[in-house]
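Reading through the structure tokens given below for one structure.
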Amino acid sequence: MPPDDAVASPCIDLCRMNAATGFCDGCLRTIDEIAGWASFDDARKQAVLARTASRRKGARVVMIGERFSATLTLLPESIKSFATLVNDLNPLHHDEAYAQASRFGSLIASGTQPTAHLMAMLATHFSQYAQPLGLEFGIRLTRAVKAGDTLSMKWQVTDAKWKASLNGDLVKLEGEASNQHGENVMKASATIVVMEREAAP
């Protein structure tokens, strides 16, 4: 008999693998998750249960509630070179004397720079196990990002539903970035499609 604190199997004795989804119709686990269950530790079993709960809500590829984060320090040369690359010629991004005399007191990043890094996080994260494609983004810049600022950037999957026409999950996310003082500099939303990675030929 398993100990009282053991994670119970989600099996409900409806053991039928669904060829379309790749999950058991009863417990919504994959065949690998079913076969490995007895050898998984409690933490891994809980992770499987979280994923099956997400599948029950309609996701197949991503997990609803999934979170990921990254940090970024924007140095003066990075700010200048990025602004040049995107043809943003505002002297606040290039001329240190001009910027120091401004209300900001230092160079500030082009709004396109932290935005690009925040958006790129989605591709970097999901491409580790799937094939993401951006569809729609909403970005609100709430505070200037100054030279030397270190940003803490994060996203969370708030909803996901399998769309057969896209051959992937239609995923909605909420994101944000804050500086080293804990001040919010950006809020974001995104809708992307995340497809299962194609097997190598």
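The values are calculated or read from the model by the stated rules, or taken from the named source; none is laboratory data. Source: prediction; values computed, not measured. Cβ placement follows ideal geometry from the backbone for every residue including glycine, while neighbour counts extend to all protein chains displayed. Remember, those area values only see protein heavy atoms, side chains included, never the ligands or the DNA or RNA. Shrake-Rupley method; radii C 1.70, N 1.55, O 1.52, S 1.80 Å.
Tabulated values for the structure
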quantity	calculated
Test: Asp13 is over 30 Å from Leu170 (Cβ atoms) and open to solvent by 70 Å² or more (accessible area, probe 1.4 Å)	yes
Matching residues in the stretch 179-200 - criterion: being open to solvent by less than 40 Å² (accessible area, probe 1.4 Å), within 16 Å of the chain's Cα centre (by Cα) and over 16 Å from Phe126 (Cα atoms)	Met186, Ala188
Single match in Leu107, Leu118, Leu151, Leu122 (criterion: closer than 20 Å to Leu74 by Cβ and over 18 Å from the mean Cα position of the chain (by Cα))	Leu107
Matching option when the condition is more than 16 Å from the chain's Cα centre (by Cα) and among the hydrophobic types (A, V, I, L, M, F, W, C), among Leu85, Leu72	Leu85
